[in-house]
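Let me begin by presenting the structure, written as structure tokens, before commenting on it.
What follows is calculated from the coordinates using simple rules that are stated; it is not laboratory data. Predicted model, so just to flag it, every value in this text is computed and none were measured. Here the Cβ is made from the backbone with ideal geometry for all residues, glycine too, and neighbour counts use every protein chain on show.
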């Protein structure tokens, strides 16, 4: 592609040799540069890729986009910009032909519920007879392929490439989990959304955003990226939704399990086998049955129903899609080896998510709840004592263990969790080794107990310093259960 088309709408501070130059590919990784590529030297929080410009040139890069001056070479296109992240978003969208303009794009943001809502929306779209690509926390699913998810929302370049593949395969719909990091870092700046969903806002990622105000500000950016005819879907059960609604110029559809909203639920019946209720919309009422359990999943379903209304998907497909969806991997996922007690693995890694899971199970448990959990390292520290407090409030026995400590001391993380437990609850143990902690919990279980292993859910590894160690709570628990 002609480099001038690639650079359309990019704020170029200075440029050299940008006439009659064709670009074969774009990359932001100097290790992947091939002859004829355009290399964008991204400036990150811990790494400045401008240091790798010479490596990119040695590998045959035809053009360089960076925010720092460098010694160029004959025939090389040199493009200087003020913000390489903003530039990459525009460059990627230009190169891949602005794919979001040719898709129906649903973006879902919020602290909790994004993944479940994305699975529900995907199932509803498929029930309507259309195809959907999904980009989210568990994996990326497009054109019959399932790819591992590096981030909840990939970088701008990978995202635009995936959207283009959806266009090429006549997929029709894209469902994207949009993280606050991706909004703050401009990864979705050149994606246009038909529907934006706000699920909720609770304390998380304050290691990055520093304040809840900054965190909310990042989430709000999704609704600045709606197409002119696009719709916003807001959870009125969340206190932030009212102020968010005032700032949105597009059509707004509200949902919730409390109070007055456009899409609600009546006659809710919750059980361990599933959930049923009547969905109430501005135009109709219809029966919903689902394998999903818990009032928080009623909220997630109402979000998906609201998205379907915004997309004009018929009622029959909504009901069928919700009924046919299996439980989401790592979200209250049962581990069953024929034991006389229940074992659930859940991704709950915020105090709100842990409350939703344990509060639900507290209402149905016949005997004890035993909770095993830890908190991730190099992540929001403020939630650690809060999660400890929630765990001891709704559990009969708690084992505090390690999650993904990353570069933090696991013992220090555990002590911060313990500060929310001490003086309030005495029936807990500290077992830093996660496998040992799970084994202790399972060995302690009796008939009709519920064991909850929280924090990692679908994850298949544990991150300790710079090591990535295979570790899947579900597989570990199943292996131990088979030996009991």
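For the reader, a short list of remarks on this structure follows.
- Size of the range 133-241 from its Cα atoms: along the principal axes, largest to smallest, the extents are 40, 32, 23 Å.
- Dividing the C-alpha radius of gyration of the chain by 2.2 N^0.38 Å, with N its residue count, gives 1.04.
- Value of D in µm² per second that Stokes-Einstein yields for the range 65-106, Kirkwood Rh from Cα pairs, at 10 °C (1.306 mPa s): 129 µm²/s
- Cα-based radius of gyration of the range 271-328 once divided by 2.2 N^0.38 Å, which approximates compact folds: 1.04
- Relative intensity, log₁₀ I(q)/I(0), of the range 246-363 from a Debye sum that treats every alpha carbon as a point, q = 0.11, 0.12, 0.14 Å⁻¹: -0.41, -0.49, -0.65
- Rounded, prolate or oblate (a/c below 1.5 giving rounded, otherwise prolate when a/b exceeds b/c) for the range 182-256 by Cα gyration tensor: oblate
- Along its first, second and third principal axes, ordered by size, the range 221-282 spans 40, 23, 21 Å in Cα coordinates.
- For the range 187-306, the spherically averaged projection of the C-alpha convex hull amounts to 8.6 nm².
- Across the range 333-483, Cα-Cα pairs farther apart than 29 Å form 9% of the total.
- Taking all pairs of distinct alpha-carbon atoms in the range 291-355, Kirkwood radius in angstrom: 13.7 Å
- Base-10 log of normalised Debye intensity for the range 3-152 (one unit scatterer per alpha-carbon) at q = 0.08, 0.20 Å⁻¹: -0.30, -1.16
- Here, the range 99-324 is characterised by an Rg to Rh ratio of 0.94, where Rg is the alpha-carbon radius of gyration and Rh the Kirkwood radius.
- Packing-based ranking of 61-73, 459-471 yields 61-73, 459-471, ordered from highest to lowest mean Cβ neighbour count within 10 Å.
- Three-way shape call for the range 170-211 based on the alpha-carbon gyration tensor, with the a/c threshold at 1.5: prolate
- When the alpha carbon coordinates of the range 358-411 are projected onto the principal axes, the ranges are 40, 17, 13 Å, largest first.
- Cα pair distances in the range 109-186, grouped into 10 Å bins until the bin that holds the longest one, percent each: 19, 54, 25, 1
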